[in-house]
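The structure under discussion appears below in the form of structure tokens.
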Amino acid sequence: MKQYAGWQAPFYSFWSKSFYVDVAKNWTGLAYAYLLVLLCFTWLFMSAKIEMDFAYNADRFMKPIIEQLPVMTINKGILSIDHPSPYTVKGNSGEPIVIFDTRDQPLKSSETSCLFLVEKNTVIIKPSQADKLLPEHTKDSASYEQQANPDQNFDVFSTVDQAVIDQNAVIQGINTFKKIFAVFTFIVGLLMGFILCAVQSLIYGALAVTVANANKLSLSYGACVRLSVLAMTPVLLLDSLIKLRNASSLLWGPIALVITIGYIIFAVRAVMEDSEQKSQASAP
């Protein structure tokens, strides 16, 4: 009969031998369900932090740009703005980001150094200018390869019969994207995390079988996988805490591996000691 509940595992997995004995004997079919719940819990916090960091950086970059945007009116697929054309929206460093030119004879793409050129029926994206938005220390040879990319033309207005886009509408759109981004991050992070941990548990299970055999302990592969899943709990919790505090380093990966292997050995030895105690107690 199972002695420990799933909600107790994050606490007892750090130190309790009797907990790992219970897992090996009584947690059949529960280990991966527990892993999924644990990852849901950790990724709730992780996705919230990622969303807040994304929102902070987006607001810092986008707010000055949004404040310069004109009121855009689309009438039967034709764009017009409430400013004389051409109208330039600049970035934080004063570089041109967007140029609105709704005249019948707009500027040519080659005549501008902006990232976006918005005409009355077309939006032109210039990948060759994207690297100019990056800080100097982030530019490398790869970013400058974008200069060979051709401009991309998009007909985004022809399907719109009537619409008015002002700063409030843009802000609402960005806020909606932030929420979608948070949900997307949680789902993808949870799915990838679960697959990765499941694969690791199968590998660690083989290691646990090797440790058990070396100690002349009869322990099934399924029990070893269960022990491995629960033995990963301390590292998963510590990893989430480190990432939430932005304290991750290159050394953490090897350290996490050593800690996990240490807990697997600890779990197998706990089961071995329990088996020895029962053998001694049943001996005449």
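Please enumerate the residues belonging to region 29-58 that are surrounded by fewer than 14 Cβ atoms within 10 Å (Cβ to Cβ) and among the acidic types (Asp, Glu).
Asp53
Of everything in region 1-23, what is of a type in the set (Gly, Ala, Ser), surrounded by fewer than 13 Cβ atoms within 10 Å (Cβ to Cβ) and assigned to a helix (DSSP H, G or I)? Give them in sequence order.
Result: Ser18, single match.
Which of the numbered conditions does Glu276 fail, given that it passes all the others? Conditions: (1) among the acidic types (Asp, Glu); (2) out of contact with any helix residue (DSSP H, G or I) (no Cβ under 8 Å at 6 or more places or on another chain); (3) closer than 15 Å to Phe14 by Cα.
(3)
This table checks each residue for (1) over 30 Å from Met62 (Cα atoms); (2) not polar (S, T, N, Q).
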| position | (1), (2) |
| --- | --- |
| Thr176 | no, no |
| Ile195 | yes, yes |
| Tyr204 | yes, yes |
| Ala208 | yes, yes |
| Leu238 | yes, yes |
| Thr260 | yes, no |
| Ile265 | yes, yes |
| Ser275 | yes, no |
| Lys278 | yes, yes |
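Does Thr42 fit the bill of being free of Cβ contacts under 8 Å to residues at least 40 places away in the same chain and at negative phi?
Answer is no for this residue.
With the condition kept exactly as written, say whether any residue in region 99-116 is in a strand (DSSP E or B), touching a residue at least 24 places away in the same chain (Cβ under 8 Å) and either closer than 30 Å to Val160 by Cβ or of a type in the set (S, T, N, Q) (or both).
yes
Filter region 225-266 for residues that are over 20 Å from Leu44 (Cα atoms) and free of Cβ contacts under 8 Å to residues at least 24 places away in the same chain and give the result.
Ser249, Leu250, Leu251, Trp252, Gly253, Pro254, Ile255, Ala256, Leu257, Val258, Gly262
Hey, could you check region 83-98 for residues that are in a loop (DSSP other than H, G, I, E, B) and touching a strand residue (DSSP E or B) at 6+ places or on another chain (Cβ under 8 Å) and say which is farthest from Glu111 (Cα to Cα)?
His83
Can you run down the residue pairs with Cβ atoms below 6 Å, 6 or more apart or on separate chains, where the first is in region 139-161 and over 16 Å from Ser109 (Cα atoms) and at pLDDT 50 or above and the partner is among the small types (Gly, Ala, Ser) and not in a strand (DSSP E or B)?
As it stands, the answer is Phe157/Gly77; Ser158/Gly77, since those pairs meet every condition given.
Residue check, Thr73 against (1) in a helix (DSSP H, G or I); (2) in contact with a Ser or Thr (Cβ under 7 Å, 6 or more places away or on another chain), all met but one. Which one?
Single failed check for Thr73: (1).
Select, from Asn246, Asn213, Asn175, the only residue that is at positive phi and exposed (fewer than 15 other Cβ atoms within 10 Å of the Cβ).
Of Asn246, Asn213, Asn175, the one residue that is at positive phi and exposed (fewer than 15 other Cβ atoms within 10 Å of the Cβ) is Asn246.
Regarding Asn26, is this residue within 28 Å of Ile265 (Cβ to Cβ), without any contact (Cβ under 8 Å) to a residue 60 or more places away in the chain, surrounded by fewer than 20 Cβ atoms within 10 Å (Cβ to Cβ) and among the polar types (S, T, N, Q)?
yes
The values are calculated or read from the model by the stated rules, or taken from the named source; none is laboratory data. None of these values were measured; they are calculated from a predicted model. Methodologically, a virtual Cβ is constructed for each residue, glycine included, from the backbone with ideal geometry; neighbour enumeration extends over all protein chains shown.
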